[in-house]
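Here is the structure we will look at.
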């Protein structure tokens, strides 16, 4: 059976400041999409979201949760939708689209069931519905146990406000409910030896406690035009494919209160021959779930796990077995020099300084400082965190594909030849990478 590709769209928390910087401008449809979303935002009195995803010094997730929640859903949708346009611009074609929680709206728009502008309007309407309903303060707690154990825990507490909100697989489920109830969940989980993690969310999503907000949202969006998806969509909320406009309406109407059966969705798709999974949004929450929940033959890849450029993105896709086709436009001076003819493919303009000559290689301290800045920018971490001995994989969770893409930037920056593969693989700290820079630059 031929391997099929699923594109995944994450929901709450899938935001990284400036994640589309140095990327979106190479894909005109992604730029148009951001402009459309900002036009709708202005209609609803919301600040533009393009700066959030295009500027590296944009506010953090915590800042938006605390001060600008109106922008957060729009920003998450913007990254999901732009990520899909980038994938399409690179020549990849999805066999099925899957959204997680609020990410289902992005899956529907990517499939052509609803327009970008209408999803942006629904995101604004959704925020207003929460504000008008003013539900009891609640949130989400993740537990590292399967759904059946979480159901037992909820039953033990006998609290009508608690629900199994999300089933991500054998190693993670999510409980939603009022804050006081969630504290009881955490206490019981600790007593039973379960690990619990409070998620960054303002409401008890996927819980009947949001019924008033859901009713307001449903009434406000009843007139949004919907159509049959042009690309197959599998809904974890419906537990089946979205085949008609009526199915799309059901996904939208039930999104706030229905549980997310993401694990069941992954299993259904995997059994049907889907073994390649690319996460279109920011960070890598969903690909981590694929990796921990499906057999090793499943190939997950986050498209935008951190900030970076298109060359690194293309290298990551190619290394993971997703060959792409991309020919960036030549800058204007180059077009004039070549008479308007592109004589060979070129990558995007690098953000790093011009390559130094090998006989003027910086000192070790300078190299470490430059590496810390380069890696911090691309990974989205504070530069202070990038100590010389911190391990990129063990301490920061940077996978081997991303490390390879980053090292290729280092090579280009310093004009180095390719080191032996075993030496590069062992270079997982900035100190070891600096050693390779000195060694290959002699």
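The values are calculated or read from the model by the stated rules, or taken from the named source; none is laboratory data. Please read all numbers here as calculations on a predicted model, not as lab measurements. No Cβ is skipped: glycine too gets one built from the backbone with ideal geometry, and neighbour counts run over all protein chains shown.
The set of residues in region 66-103 being within 30 Å of residue 373 (Cβ to Cβ) and assigned to a loop (DSSP other than H, G, I, E, B) consists of 68, 90. Of all residues in region 5-38, those that are in a helix (DSSP H, G or I) and within 15 Å of the chain's Cα centre (by Cα) total 1.
Condition check ((1) closer than 18 Å to residue 239 by Cβ; (2) without any contact (Cβ under 8 Å) to a residue 40 or more places away in the chain; (3) touching a strand residue (DSSP E or B) at 6+ places or on another chain (Cβ under 6 Å); (4) part of a helix (DSSP H, G or I)) across all residues:
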site	(1), (2), (3), (4)
131	no, yes, no, yes
136	no, no, yes, no
139	no, no, no, no
145	no, no, no, no
149	no, no, no, yes
155	no, yes, no, yes
160	no, yes, no, no
167	yes, no, yes, no
175	no, yes, yes, no
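A single entry from 290, 314 fulfils the requirement of being assigned to a helix (DSSP H, G or I), outside the structural domain of residue 144 (by TED's automatic domain parsing), surrounded by 14 or more Cβ atoms within 10 Å (Cβ to Cβ) and at pLDDT 95 or above: 290.
Sort out which residues of region 39-65 are assigned to a helix (DSSP H, G or I) and under 20 Å from the mean Cα position of the chain (by Cα), and write them in order of number. Result: 50, 51, 52, 53, 54, 61, 62, 63, 64, 65. The residues of region 412-431 that are in contact (Cβ under 8 Å) with a residue 24 or more places away in the chain and on the phi < 0 side of the Ramachandran plot, listed by number, are 412, 413, 414, 416, 425, 428, 429, 430, 431.
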